[in-house]
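Read the structure below first, then the notes.
Every number in this text was worked out from the coordinates using simple rules, so none of it is lab data. Everything numeric here is computed off the predicted structure, so don't read it as measured data. Ideal geometry is used to build each Cβ from the backbone, glycine not excepted, and the neighbour counts take in all protein chains shown.
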Amino acid sequence: MNNLYETQRAMRRARKVAIQRGVIAVLDVGTSKVACLVLKFDGVKPKDPEDTVGSMVGQADFRIIGVSTIKSRGVKFGDIDIIRETERAIRTAVQAAQKMAGLRVDHIITCFSGGKPRSYGLSGSSVTQNGMVDGGDIANVLGSCEVPQYGSNRDALHAQPVNFSLDNKNGLLDPRGQVGKNLSVDMHLLTVDSSSIEAILHCVKRCDLELAGIASSSYVSAISSLVEDEQEIGAACVDMGGGTTGISIFLKKHMIFSDFVRIGGDHITSDISHGLQIPVNLAERIKNLNGGVLATGMDDREAIQIGGDTGDWEHDKRSVTRSELIGIMRPRVEETLEGVREILLSAGFEFLPSQRIVLTGGASQIPGLDQLAAKILGQQVRMGRPLRVRGLPQAASGPGFSAIVGLALFAAYPQDEWWDFDLANKNYAERSIKRMTKWLRENW
Amino acid sequence: MRSLENNKTDPAPSRILYRLERLWLTPFVRFIIKFGVPILLIVIISFTYFSRTENTDVLKISWREFRENIRNRPEFLINLIKIDGVNHTMLNEVRNTMNVDLPVSSYDVDLRDLKSKVQLLKSVENAEVYIVENIIHVDISERIPVIFWRNSNGLEILDVNGISIGDVENRKKYSHLPLIAGQDANNYVKEALFIYENNDLFSNEIIGLVRVGGRRWDIILTEERKVMLPTQDIALVLKTVVALNKSYRLSSRNFSVLDFRNIDRMTIRRHKPFPETVEIKLNDVDKGEI
């Protein structure tokens, strides 16, 4: 844990360097595609750095100057399966984006959907040092949280303070500067498998890049596809990707819960492939062109050539009706949405002030999904697309790109996490030794 | 296990290519390769070339030949010097002074030098030297001899500004020119000429003018007579002389000196055997009675 704390701090420092240099790349390693954006920070900063409520905060100060999307390789269920393949995919994507930008990129922020993310709500409390809350107090209270035993082979990906309360004041977003005695915090901790992070770190390192941050893709796609009031009063973002479907619940602009369903668009494709006895790429093509989840009478008459080139005339001239295709796709989509519903139920989503559900991600483009989702998840379902950011080409503004766009926003304007606060050293002796070594280093 | 390596169809760049691409996108490296390396190459090549003397000699010689070829083109060749504004005797003198060997390229002619050379000649007042259509034109305005000046060195001819045109042995050549003498007389040539022009009375009897004491003129007449003029009001005196002549017939009188130095007290001195003084009152002259 402490090791990761240092790693995360190093990433934050790298991010700071990258923003100073003005160029940073964001990379989404998905199951079906790898997308890379190169962001250029123009240096248009808000006048007051403490002002975090401007209309375009986090979006106005960067521009996308390089975009590339390629087919993903070596990724299964959002996890890197074959490291060398994924490394090549990342290399291709980064090189293409660099080429478009005409700039060399040294720092990269990445997100991934795998690693079996699991979220924990933690709480802790401590007494303020000198009456007024400062950064050290926040570090203290964050350090006082009772960390659950999430397993030795898992690491914290996000550890975000969600809510502070000071004495009897509750619902504070940032208690710094407030006067009080008992400070308590609710923290949302998201853990993933260490091996997934290790694999990503390895790939990025092999590409001569420095990792400046790592995020969960269900979190970042919610950042870009939920509008501000949805994030404020409560909403769930369902990021339907290729290998997994990630769910994140937002309240008061913080992610309070995240989980995933291990079913995605690739499963639908493989179902089609199995059911119609056709190759996977043809199945993908048929899914994209003719797919759907709501059959009508018209669909019985619409024949889809599924062919083949075996040389067998009977085999090569096969065709299916669209309703047959829908018959294959629909159960899988229903299964996914039911999984989502179960997760939302177990997370207590119905107790939130608003039950808006936003479907985004590449697999959410299936025609008729909104009506099917309304039947399963309730009426407050809408389709989400990523926020518009400067320089994003039209081709990269579909729902499939909400994770990468959200990652760009995350890169420009990250949420304070546990590692952003200096850990107060409890051991005074250790601190004095550190001071001594520092003094020696400075003076000799 | 089947190998994952199938680089033939792999669209991904190899690690080396990826690194090279990144290197190429580095601004400093890019600048060095685009500008630094070519400049360095040019510098090195030219340095090695010019460091060998035979190379530079070849270059120098070819450059000189190139220059000579252009200089000696017929378009720039001068075959004639045309001198205007001088007589025949002067012509050779001017030609010798200019000392130009024809034919000559117009690049080798220093017009300013030629002009100053020609202007150094004594009889030349001003000279314009220019080239038009392969001919050097020398337009000379000569000094006009107006007067002889006899001084301790001999006889000189002066122009109207008193500048010496040359020394002469005798007055035969310009016998019509008047004569002046005396120290500093060359600076008052205009005054002397004025006296000559306005002196109707003795015009045939004048031998010359003598500058006396560096301040006034004596008109020397034949038969050892002279007229002494004042320092100022010469015109008035000359008029007076004409008027006096009318009434007193001065020219026929036997005088040795007409003394007008003091205009209020003009004096006539007779020759020795007849000492006789005629005093003329200026008042009478003014009234026109005499």
Point to revise | A:LYS16 versus B:PHE31: modelled label distance in nm, points set 7 Å from Cα along the beta carbon direction | key: 2.7 nm
Exercise for review: With r as the distance between the Cβ atoms of B:ILE45 and A:SER270 and R0 = 51 Å, compute the FRET efficiency 1/(1 + (r/R0)^6) and round to 0.05.
Suggested key: 0.20
Study note, to complete from the structure: Full extension between A:GLU350 and A:ASP174 adds, at 0.36 nm per residue less the Cα distance, a length in nm of 60.7 nm
Revision key, fill the gap. A:VAL23 neighbourhood, Cβ < 10 Å, K/R = +1, D/E = -1, net charge +2
Point to revise | Rounded, prolate or oblate (a/c below 1.5 giving rounded, otherwise prolate when a/b exceeds b/c) for segment A:78-147 by Cα gyration tensor | key: oblate
Review point. Where both partners of a DSSP beta bridge lie in chain A, what percent of those bridges are antiparallel, to the nearest 5?
Key: 75 percent
Study note, to complete from the structure: Note to self, the protein assembly as shown gives a 222 nm [θ] from helices alone (DSSP H runs n ≥ 4, -39500 (n - 2.57) apiece, / all residues, nearest 500) of -11500 deg cm²/dmol
**Study point:** Between segment A:224-255 and segment B:195-244, the alpha-carbon center distance in angstrom
**Key:** 130 Å
Check your understanding: How far is helix B:53-71 tilted, in degrees, relative to the longest principal axis of the Cα atoms in chain B, given as a value from 0 to 90 rounded to the nearest 10?
Key -> 50 degrees
Point to revise | Linear extension gain, B:ILE163 paired with B:SER116, 0.36 nm per residue minus alpha-carbon span | key: 15.2 nm
Study note, to complete from the structure: Between B:HIS88 and B:GLN183, the FRET efficiency computed from the C-beta separation at R0 = 30 Å comes out, to the nearest 0.05, as 0.25
Review point. Quick one: if the Förster radius is 35 Å, what FRET efficiency do A:THR296 and A:ASP229 give, using the C-beta to C-beta distance and rounding to 0.05?
Key: 0.50
Point to revise | Inter-label distance, nm, simple model (7 Å from Cα along the C-beta direction), B:VAL242/A:HIS202 | key: 13.3 nm
Check your understanding: In nm, to one decimal, how far is the A:LYS71 label point from the B:LYS190 one, both placed 7 Å along Cα→Cβ?
Key -> 11.0 nm
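Ignore the peptide's own chain and count Cβ atoms of other chains within 10 Å of each Cβ in A:83-93; give me the average, rounded.
3
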Study note, to complete from the structure: Per-residue average of other protein chain Cβ atoms inside 10 Å, peptide B:11-23 -> 5
Review point. Separation of segment B:23-99 and segment A:137-191 by C-alpha centroid, Å?
Key: 83 Å
Practice item. Can you find, among B:VAL118, A:SER126, A:ILE70, the residue farthest towards the positive end of the dipole of the protein assembly as shown? Put +1 on the C-beta of Lys and Arg, -1 on that of Asp and Glu. Key: B:VAL118
Point to revise | Within-11-Å neighbourhood charge of A:GLN365 [Cβ basis; K, R +1; D, E -1] | key: +1
